[in-house]
Amino acid sequence: MPGLRRTGSGRDVDASELITRVAASGLRGRGGGWFPAARKWVAVRVEGGEPLAIANGAEGEPGSIKDRHVMTTRPADVLRGLVLASRAVGAREAIVFLKQSFDAPAAALEAAVRTTDLGGLGVSIRRGDDSYITGEETALLEALEGRRPWPRPKPPLPAAVGLQGRPTLVQNVETLARVPAAVDDPDAYGAHETTLVSLWGDVRRPGVYEVPLRTPLRAVIDRYGEGALEEIGLVFPAGPSAAPLLADQLDVPLHPDDLRAVGSALGTAAVLVVGASACPIGVGASLAAFFEREACGQCPPCVQGSRNLSRVMRAVEAGEAWARDLSDLAEAAGFMADHGYCAHSRTAAAAVTGLLRRVPAAVSAHLAARRCPHGGAVRDPFHPASPERAAIEAALA
């Protein structure tokens with residue numbers, strides 16, 4: 001497939017043509033937002049000055065291993081893409097930013113820097129702390145400038161005011177690894193585009209797979225994960241970062257636009273499968289607890305809002321909530337959706353309320369029974385020490 005195959009260097013293609021080819025390929029960012037790569041490049045280039053390019057390898061989404069996979073197994077492709085992206089925006093310096101614990105990706109990239117033709121681009125490997133929020137593009141800039149990795153208010157965007165005030169391209173490492181193929185043959189890339197999927201949870205073979213876009217989600221689970229371990233209850237196409245789907249919705253294509261149309265998202269494609277034996281409200285409480293735990297502490301609406309989401313979800317799970325508590329949750333979520341320096345607040349609100357909308361019968365049963373009537377084992381897949389996360393991390397090793 002042309003998505004991550006080896007290609008020519010593209011070294012004879014000038015900046016304008018690079019942008020034209022990437023735009024024609026339809027390449028979109030794989031950091032979670034699926035923003036068109038060429039538009040991001042143009043936004044940096046038009047600023048002039050002394051731009052800088054940063055490859056964002058600070059992967060942190062629960063269940064996602066695809067960025068570490070590509071940095072470890074295809075480091076030269078990441079660097080080739082970084083060279084092309086830097087030329088497109090006019091940067092002569094570039095940084096690859098990783099989390100402190102990412103020893104194997106760092107070693108692979110450092111070796112590739114010594115052996116890859118960088119065309120005169122100065123590339124350094126930098127590492128920051130392991131906090132979840134460090135992967136947010138402006139928190140990453142704060143970390144590189146020696147401050148606490150808290151997201152910056154926007155505007156301005158990094159394209160205008162980035163590292164040390166310079167126009168800065170911050171691009172996900174998987175996106176960069178796809179750039180050489182997109183430049184080499186834009187039509188072929190667009191016609192046969194793939195994406196890396198971290199498939200985890202209740203599947204027979206957790207792991208990272210290169211999957212053609214618009215493959216039905218059910219086929220991703222069956223073909224790549226060798227099927228679910230039990231009857232499917234919920235599937236989270238974006239890990240914790242969007243509302244889940246029910247078992248009867250799995251014919252939806254694996255594509256950000258198709259998933260958005262059914263009230264979910266693709267995000268970093270950390271596809272979590274949850275079996276029907278798990279209480280969906282308990283999984284929702286795990287989801288809310290994740291957002292509370294990973295709030296960086298900077299924005300009061302996010303800190304207090306995520307705390308309220310988690311409190312209400314725990315109460316619903318235990319059968320201790322009342323209808324007014326759900327009204328409080330909806331009010332908190334509505335406020336969170338419009339506030340905060342980064343996407344954490346609105347993502348938490350959308351994911352938790354989206355889950356509740358999927359399972360109204362389970363919510364009603366908990367409120368009526370004054371206990372969890374599901375009878376299943378307690379599941380906390382988003383916790384760092386969960387068996388689900390341990391299994392997908394083992395697949396990376």
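The values are calculated or read from the model by the stated rules, or taken from the named source; none is laboratory data. Here the structure is a predicted model, which is why all the values come from computation and not from measurement. Ideal geometry is used to build each Cβ from the backbone, glycine not excepted, and the neighbour counts take in all protein chains shown.
Brief remarks follow.
- Inside segment 148-196, residues that are aromatic (Phe, Trp, Tyr) and buried (at least 23 other Cβ atoms within 10 Å of the Cβ) make up a count of 1.
- Residues of segment 281-300 that are in contact with a Pro (Cβ under 8 Å, 6 or more places away or on another chain) and closer than 15 Å to Thr353 by Cα: Val283, Ser286, Leu287, Phe290, Phe291.
- Condition check for Gly225: small (Gly, Ala, Ser) and on the phi > 0 side of the Ramachandran plot: no
- Test: residue in segment 93-105 that is farther than 27 Å from Pro240 by Cα, touching a helix residue (DSSP H, G or I) at 6+ places or on another chain (Cβ under 7 Å) and at pLDDT below 95: no
- Among residues of segment 41-59 that are closer than 9 Å to Val89 by Cβ, those with a Cβ under 7 angstrom from a residue that is acidic (Asp, Glu) and in a strand (DSSP E or B), sequence gap 6+ or separate chain, pair up as Leu52/Glu93.
- Helices (runs of 4 or more DSSP H) completely within segment 57-172 that count 1 or more residues being closer than 23 Å to Val46 by Cβ and β-branched (Val, Ile, Thr): 75-89, 137-144
- Positions within segment 346-385 being outside any helix (DSSP H, G or I), under 19 Å from the mean Cα position of the chain (by Cα) and buried (at least 16 other Cβ atoms within 10 Å of the Cβ), in sequence order: Pro381, Phe382
- In this structure, Arg126 qualifies as more than 24 Å from Val208 (Cα to Cα) and charged (D, E, K, R).
- Any hit, segment 309-332, residues being within 20 Å of the chain's Cα centre (by Cα) and surrounded by fewer than 15 Cβ atoms within 10 Å (Cβ to Cβ): no
- Of the residues in segment 77-91, not one is touching a strand residue (DSSP E or B) at 6+ places or on another chain (Cβ under 6 Å), of a type outside the set (D, E, K, R), surrounded by fewer than 23 Cβ atoms within 10 Å (Cβ to Cβ) and farther than 30 Å from Glu292 by Cβ.
- Residue check: Ala362 meets all listed conditions (1) over 30 Å from Thr138 (Cα atoms); (2) free of Cβ contacts under 8 Å to residues at least 60 places away in the same chain but one, namely (2).
- Residue in segment 59-74 that is in contact with a strand residue (DSSP E or B) (Cβ under 9 Å, 6 or more places away or on another chain) and over 30 Å from Pro381 (Cα atoms) present: no
- Test: Pro300 is surrounded by fewer than 23 Cβ atoms within 10 Å (Cβ to Cβ) and not assigned by TED's automatic domain parsing to the domain that holds Leu27: yes
- Qualifying residue in segment 256-277 (condition: under 18 Å from the mean Cα position of the chain (by Cα), surrounded by fewer than 16 Cβ atoms within 10 Å (Cβ to Cβ), of a type outside the set (Gly, Ala, Ser) and closer than 21 Å to Glu61 by Cα): yes
- Condition check for Ala333: touching a strand residue (DSSP E or B) at 6+ places or on another chain (Cβ under 8 Å) and assigned to a helix (DSSP H, G or I): no
- Restricting the search to strands (runs of 3 or more DSSP E) fully inside segment 187-240 and requiring at least 2 residues that are free of Cβ contacts under 8 Å to residues at least 60 places away in the same chain gives 207-212, 232-240.
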